Amino acid sequence: MSKEKSNEIPAFASIQNYINGNFHNPIQDHWIDNYNPSNGEIYGQIPNSSKEDVENAYIAAKSAFPVWSQTTLEERSRILIQISELLEANLQRFAEAESKDNGKPISLAKAIDIPRAASNFRFFGNAITQFASESHESVGQQAVNYTLRQPIGVVGCISPWNLPLYLFTWKIAPAIAAGNCVVAKPSEITPMTAYLLGEICTEAGLPKGVLNIVHGLGTTTGQAIIEHQDIKAISFTGGTATGAHIARVAAPMFKKLSLELGGKNPNIIFADCDYEDMLDTTVRSSFANQGQICLCGSRIFVEASIYEKFKKDFVEKIKDLKVGHPSEASTNIGALVSKPHLEKVKDYIEIAKAEKGIVLCGGNQVTVKGYENGYYLEPTVIEVPNDECRVNQEEIFGPIVTIMPFNTEDEVLQMANKVKYGLSATLWTNNLKRTMRMSHQLQAGIVWVNTWMMRDLRTPFGGVKASGVGREGGFEALRFFTEAKNVCIKY
Ligand code: TXE
């Protein structure tokens, strides 16, 4: 295990593609500026990789596949766990890079994002040694059937900016554990930790070409990956519109797809819940990572009998949250990821007002002393007049939540389900029968009861409706990254 490196990301950091175990400039020498959201300054450049770069990544992956797919599970597992350990040993360095690139508080990157990326490698390193397939004896026909789970070949992994390394590795780790070779693209807005991961993989002894990381815009680099005839599966997390586009491009080539898309998740609070626990968790589920998590509970529905009390207590707690520079330990809310995103989120505050929403707290851009050009916004709570207004229907993906009261279980269930998304839902109640009735009827891939974002990596993760198709996590991810083949032998 190597020692933690103390060197910071240089003030001006340019990064390269990681192809066949080496770092390369983009062939066409096209570059994109990388902004630091905490101060609005350009602090580096990243390749805008072309089709040729993606082709080189593909060739490296294809060449590595015959050996990697035949490498023993124990050896693959050992390397994945070694990557995990190196990530842990480099926690500080990775957390600083993530925070600088994304604007998230460093405390969050250190406590959640980077440890979770390390867990992804450790988890799938172990899971692959436990992954089994079924066999069936065809009684009376003197035959036995067994299922092989074979790696697909070269697969594509495309990830977003909100939890950069956490979501990037959530795809890469099961893909390589299952014996595939990968062409991966992180978000062009937050590429830094993916770049650093290349170094770690080399150090861990991952054979050349098993993981190839190309940087660039979705419309150039991402498009070249999804259009590639021989990249047989795509695992994507990002916006719903992009997911629909990928599905259209991939369909004629019969690519296997896993799409984890947007959410507009209900947080349903009944009067019989454990109030203090609910209140603290609701602050987190509303504003963690500046509200830029697809699982955030952005629509809060509160039973009418406790609505006024909740409103007062919640707003009081929100006013205590400190918006500040991501590197300061006391910061609760860091910077939003980019200027265009800040503008989009701010627009929703105006849309809410025009729709007769009442801003109960927040609503303003914040100027942080010394970082005046950073993308900071107050955590904002909007009381909405009805559940059909745009701020209650569209994914904002920022530090904005809506609240409104409800009277009955049926009424809130209807409102909760009346959006195009169906990723997650949170339910606060101590009534067992209601818990079961509601959990079974909520249109969501994940239902949390009396908690939020508690994750066990063995469980299936994904959404319904416009929140996507397919499931990640546990053996579901290993099933996605393998083809099932049935062998029938007559004896
Ligand atoms: O996502 P995009 P953006 C939501 C959120 C946000 C919106 C847009 O509402 O405001 O999506 O965010 C790559 N072919 N979520 O613009 O564009 C792109 O380069 C192949 C929810 O960042 O979907 C990046 O690597 N790839 C979400 C990735 O797709 C393409 C997290 C995601 O970018 C591509 C982030 C193309 N044609 C945003 N176009 C969640 N569910 O967690 C783009 N990409």
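Readers should treat all values here as calculations from the given coordinates under stated rules, not as data from a laboratory. These numbers come from a predicted model, not from an experiment. Here Cβ is always computed from backbone atoms with ideal geometry, including for glycine, and neighbour counts include all displayed protein chains.
What 222 nm value per residue comes from the helices of the chain, counting each DSSP H run with n ≥ 4 as -39,500 (n - 2.57) and dividing by all residues, nearest 500 deg cm²/dmol? Could the numbers behind the result be given before it?
Details: 15 runs with 182 residues, N = 491.
That calculation yields -11500 deg cm²/dmol at 222 nm.
Round to the nearest 10 and give me the degree value, 0 to 90, for the angle of helix 73-89's Cα axis relative to the longest principal axis of the chain.
Here the helix axis deviates by roughly 40 degrees.
Once the Cα gyration tensor of the range 342-451 is diagonalised, what are the square roots of 5 times its eigenvalues, in whole Å and ordered largest first, as equivalent ellipsoid semi-axes?
Equivalent ellipsoid semi-axes, largest first: 31, 16, 12 Å.
Using only the alpha-carbon atoms of the range 26-163, report the extent along each of the three principal axes, biggest first, to the nearest angstrom.
Dimensions of the range 26-163 along the principal axes of its Cα atoms: 72, 38, 24 Å.
Which three semi-axes in whole Å describe the equivalent ellipsoid of the range 275-368, each the square root of 5 times a Cα gyration tensor eigenvalue, listed largest first?
So the three semi-axes of the range 275-368 are 23, 18, 12 Å.
Can you tell me the orientation of helix 339-354 relative to the chain, as the angle in degrees between its alpha-carbon axis and the longest Cα principal axis, to the nearest 10?
40
Set Lys and Arg Cβ to +1 and Asp and Glu Cβ to -1, take the dipole of the chain about its Cα centre, and tell me which of Pro105, Asn145, Thr221 lies farthest positive.
Asn145
For the range 266-456, compute Rh as the Kirkwood radius over C-alpha pairs and then the Stokes-Einstein diffusion coefficient at 37 °C and 0.692 mPa s; write the answer in µm²/s, rounded to an integer. Present the calculation step by step, with values, prior to reporting the outcome.
On the way: Rh = 16.8 Å.
Stokes-Einstein gives a translational diffusion coefficient of 195 µm²/s.
Of Gln82, Tyr43, Ala95, which is farthest towards the positive pole of the range 9-119's charge dipole, taken about the Cα centre with +1 and -1 on the beta-carbons of Lys, Arg and Asp, Glu respectively?
So the residue we want is Gln82.
Rank the residues Ile382, Ile59, Ile358 as a footprinting-exposure proxy: fewest other Cβ atoms within 10 Å of their Cβ go first.
Ile358, Ile59, Ile382
Of all beta bridges DSSP finds with both residues in the range 266-456, what is the antiparallel percent, to the nearest 5? Mind dumping the intermediate values first?
On the way: 6 of 27 bridges.
About 20 percent, rounded to the nearest 5.
With each label point set 7 Å from Cα along the Cα-Cβ vector, what nm distance links Thr219 and Glu394?
2.0
How large are Rg and Dmax for the chain when only the alpha carbon atoms are used, in Å?
Here Rg and the maximum Cα pair distance are 23.1, 79 Å.
May I ask you to work out the translational diffusion coefficient for the range 221-377 at 20 °C, viscosity 1.002 mPa s, via Stokes-Einstein with Rh from the Kirkwood sum over Cα pairs, reported in whole µm²/s? Working shown, then result.
On the way: Rh = 18.5 Å.
Here the translational diffusion coefficient equals 116 µm²/s.
Neighbour counts of other C-beta atoms within 10 Å: give me Cys157, Cys294, Cys389 arranged from fewest to most.
Fewest-to-most ranking of Cys157, Cys294, Cys389: Cys389, Cys294, Cys157.
Arranged by the count of other C-beta atoms within 10 angstrom, fewest first, what order do Met454, Met192, Met253 take? Display every interim value, and only then the final one.
On the way: Met454 9, Met192 26, Met253 14.
Least crowded to most crowded, the residues run Met454, Met253, Met192.
How tilted is helix 51-68 with respect to the longest principal axis of the chain? Cα atoms for both, answer in degrees (0 to 90, nearest 10).
Taking Cα atoms only, the helix is inclined about 60 degrees.
Evaluate E = 1/(1 + (r/R0)^6) for Lys322 and Ala354, where r is the Cβ-Cβ distance and R0 equals 35 Å; express this FRET efficiency to the nearest 0.05. Before the final figure, lay out the partial values.
Values: r = 30 Å, r/R0 = 0.85.
FRET efficiency, Lys322 to Ala354: 0.70.
Treating only the Cβ atoms of Lys and Arg (+1) and Asp and Glu (-1) as charged, compute the dipole magnitude of the chain about its Cα centre; round to the nearest 20 debye.
About 920 debye.
Where both partners of a DSSP beta bridge lie in the chain, what percent of those bridges are antiparallel, to the nearest 5?
Taking every DSSP beta bridge within the chain, about 45 percent pair in antiparallel fashion.
What FRET efficiency comes out for Val249 versus Lys208 if R0 is 45 angstrom and r is the Cβ-Cβ distance? Round to the nearest 0.05.
Working: r = 29 Å, r/R0 = 0.64.
Between Val249 and Lys208 the formula returns 0.95.
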